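Data block below; observations after.
The values are calculated or read from the model by the stated rules, or taken from the named source; none is laboratory data. This one's a predicted model, so the numbers in the text were calculated from it and none came from an experiment. Here the Cβ positions follow ideal geometry from the backbone for every residue, glycine too, while neighbour counts run over all protein chains shown.
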Amino acid sequence: MNNRQIIRPEEVLAEYYPPLTDHEAAVEANRCLYCYDAPCTHACPTHIDIPKFIKKIASENVVGAARTILEANLMGATCARVCPVQELCEGACVLNAEERPIMIGRLQRYATDYVYERGIDVFEPGPPTGKKVAVIGAGPAGLTCAGELAKLGHSVTVFEKRELPGGLSTYGIIRLREPVEVALAEVEMVKRLGVEVRTGMELGKNLSFDQLRREYDAVFLSVGLGAVPAMGIPGEEHIIDGLGYIEKSKLDPHGLEVGQNVVVIGAGNTAIDCATIAKRLGAQRVTMVYRRTDAEMTAYLHEYEFAKKEGIEFRFLTQPVRVIAEGGRVRGLECVRMELGAPDASGRPAPVPVPGSEFVLPADQVVKAIGQEKPVLAQMLGLATERGYIKVSDDFETSLPGVYAGGDCVRSRGSASTVMAVEDGKLAAFAIHRKLVPLRAAADD
């Protein structure tokens, strides 16, 4: 029997960490030292008051804990699952030196899941201001901006080109870390604040930017990034898009075709997600190829260690040059060995081909996850850019007055992440509020 026939995707791709029980959450919360000027809070890009919410869990005020989290991070349920806590809050925990850090991410999930599972809303819409704001893109930045504006009393409409809202939280993060249901629950929470979410609406197709600017008092762009870029190698038509691979695994896992000998090109977190999907859905061998070394890979160290434990192999200093196919079926990936030279524009050593070092990796499926293209919308709308990303002021306003932007589409520096997108959306909402109703904003302060 083919081993794929006995694999149940809903089991092998279920959330990696089980939810904490009430007892486990209480025990973990009571381990916290509730530090003054806590390092964990400083390490959180959204500045959640972590000791405060953990203390509320310890005192059995779970709704209060959730409110503390969501006041700082409206997408707290998503971030509890997808944030690199090892690099952020848990990495800063003072208990690292003595034993193990507090499980901040799992406690955050415990509190946010508590209110979602019970249908408890911790916020209400603010008194109406009479102002209207359009948000383009229903990912973490857009939903956060919309929700915060609704809390401040503005009328907000979110326009999303995909069938489902949620952005990468819905489509592009492996189910092992975030199920679709979690992302959609956050969308519903934002809608209950009075935000209208309209899907199937795309700028330049069935949505006019000029009309939006005329009909709304402000516009917030949270359009993310583009497609996975082309590699420009022979046989590339046989390579599968990594984001599409993850999307299929989330929305139609039984319909996802997985090879027996899968090669994943790239070494970021998305590439590791693709490799993990292939391995867990029955591939006998999964190999990740990367043109630099493990020291330069963009995946977090804990993700790299996780992949190795999954049985995923790595070929470093390896550059694909051709997909070998016969009769429309992939047979292998021709590669060349690389060596590192002088640093390139990214500051990392540039990979240089080693002459005569070509070899073939056997493969019946090749997936690429090599980043995403810069936002094409910037040029279409005539926005100023910085290194290809939308250029914004300290208040997230673009070169067009009244048009703001945030999330991955403005991330010209630093690494793109869900939590940074959430913080952008929150700060942009506050800036828009100050601009639209300065007297009320001053009173709120």
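With 122, 115, 135, 180 as the choices, which residue is crowded, with 24+ Cβ neighbours inside 10 Å and at pLDDT 95 or above? It would help to see each step written out before you state the result.
On the way: 122 fails: crowded, with 24+ Cβ neighbours inside 10 Å; 115 fails: crowded, with 24+ Cβ neighbours inside 10 Å; 180 fails: crowded, with 24+ Cβ neighbours inside 10 Å.
Every option except 135 fails the conditions.
When segment 77-107 is filtered for residues that are among the aliphatic types (A, V, I, L, M) and assigned to a loop (DSSP other than H, G, I, E, B), the ones remaining, listed by number, are 85, 88, 102, 103.
Looking only at segment 241-265, which residues are out of contact with any strand residue (DSSP E or B) (no Cβ under 8 Å at 6 or more places or on another chain) and within 11 Å of residue 172 (Cα to Cα)?
So in segment 241-265, the residues out of contact with any strand residue (DSSP E or B) (no Cβ under 8 Å at 6 or more places or on another chain) come out as 243-244, 246-256.
Listed by number, the residues that qualify are 243, 244, 246, 247, 248, 249, 250, 251.
If the condition is being hydrophobic (A, V, I, L, M, F, W, C) and farther than 12 Å from residue 404 by Cα, then segment 125-148 contributes 138, 143, 146. If you check residue 118 against the conditions, is it touching a helix residue (DSSP H, G or I) at 6+ places or on another chain (Cβ under 6 Å) and closer than 22 Å to residue 28 by Cβ? Here the answer is no, as residue 118 does not meet what is asked. Residues in segment 392-419 that are over 16 Å from residue 434 (Cα atoms) and surrounded by fewer than 17 Cβ atoms within 10 Å (Cβ to Cβ): 399, 400, 412, 413, 414, 415. Just to be sure, is residue 25 surrounded by 15 or more Cβ atoms within 10 Å (Cβ to Cβ), under 22 Å from the mean Cα position of the chain (by Cα) and part of a helix (DSSP H, G or I)? No, not satisfied.
Report yes if some residue within segment 335-356 is free of Cβ contacts under 8 Å to residues at least 60 places away in the same chain, buried (at least 17 other Cβ atoms within 10 Å of the Cβ) and among the charged types (D, E, K, R); otherwise report no. Yes, that holds for at least one residue.
Please enumerate the residues belonging to segment 362-371 that are of a type outside the set (Val, Ile, Thr) and surrounded by 19 or more Cβ atoms within 10 Å (Cβ to Cβ). Show your work before the answer.
Looking only at segment 362-371, we keep the residues that are of a type outside the set (Val, Ile, Thr), and these are 362-365, 368-369, 371.
Correct list: 363, 365, 368, 369.
Which one of these is under 23 Å from residue 430 (Cα atoms), of a type outside the set (Lys, Arg) and either touching a strand residue (DSSP E or B) at 6+ places or on another chain (Cβ under 8 Å) or not in a helix (DSSP H, G or I) (or both): 33, 20, 70, 74?
Numbers: 33 fails: under 23 Å from residue 430 (Cα atoms); 20 fails: under 23 Å from residue 430 (Cα atoms); 70 fails: either touching a strand residue (DSSP E or B) at 6+ places or on another chain (Cβ under 8 Å) or not in a helix (DSSP H, G or I) (or both).
From the options 33, 20, 70, 74, the qualifying one is 74.
Of the listed requirements (1) under 30 Å from residue 22 (Cβ atoms); (2) in contact with a Phe, Trp or Tyr (Cβ under 8 Å, 6 or more places away or on another chain); (3) surrounded by 24 or more Cβ atoms within 10 Å (Cβ to Cβ), residue 145 misses just one: (1). Name every residue in segment 199-218 that is closer than 21 Å to residue 388 by Cβ and either surrounded by 16 or more Cβ atoms within 10 Å (Cβ to Cβ) or touching a Ser or Thr at 6+ places or on another chain (Cβ under 8 Å) (or both), in order of residue number. Within segment 199-218, 203, 209 qualify. Taken as a whole, the structure places residue 387 among residues that are in the same structural domain as residue 171 (by TED's automatic domain parsing), among the basic types (Lys, Arg) and modelled with pLDDT under 95. Screening the candidates 80, 72, 97 for the property of being small (Gly, Ala, Ser) and either assigned by TED's automatic domain parsing to the domain that holds residue 416 or over 19 Å from the mean Cα position of the chain (by Cα) (or both) yields one hit, 97.
Among the residues of segment 357-395, those that are free of Cβ contacts under 8 Å to residues at least 40 places away in the same chain, in a strand (DSSP E or B) and not acidic (Asp, Glu) comprise 359, 360, 385, 389.
Within segment 373-391, the set of residues being surrounded by fewer than 19 Cβ atoms within 10 Å (Cβ to Cβ) and in contact with a Pro (Cβ under 9 Å, 6 or more places away or on another chain) comprises 373, 385, 388.
Specify the residue that is modelled with the lowest pLDDT; the eligible residues are those in segment 90-108 that are among the charged types (D, E, K, R) and more than 14 Å from residue 27 (Cβ to Cβ). Break it down stepwise before answering.
From segment 90-108, those among the charged types (D, E, K, R) are 90, 98-100, 106; that's our starting set.
With the extra rule that they be more than 14 Å from residue 27 (Cβ to Cβ), the set shrinks to 90, 98.
Values: 90: 97, 98: 81.
Among residues in segment 90-108 that are among the charged types (D, E, K, R) and more than 14 Å from residue 27 (Cβ to Cβ), the one modelled with the lowest pLDDT is 98.
Within segment 300-323, being crowded, with 18+ Cβ neighbours inside 10 Å and either farther than 30 Å from residue 88 by Cα or at pLDDT below 95 (or both) holds for 318, 319, 320, 323.
Does residue 205 fit the bill of being more than 22 Å from residue 269 (Cα to Cα), in the same structural domain as residue 137 (by TED's automatic domain parsing) and assigned to a loop (DSSP other than H, G, I, E, B)? Let's see the steps before the verdict.
Values: more than 22 Å from residue 269 (Cα to Cα): yes; in the same structural domain as residue 137 (by TED's automatic domain parsing): yes; assigned to a loop (DSSP other than H, G, I, E, B): yes.
Spelling it out, residue 205 is indeed more than 22 Å from residue 269 (Cα to Cα), in the same structural domain as residue 137 (by TED's automatic domain parsing) and assigned to a loop (DSSP other than H, G, I, E, B).
Only one entry of 17, 34 meets the criterion of being closer than 30 Å to residue 258 by Cα, aromatic (Phe, Trp, Tyr) and in contact with a helix residue (DSSP H, G or I) (Cβ under 7 Å, 6 or more places away or on another chain), and that entry is 17.
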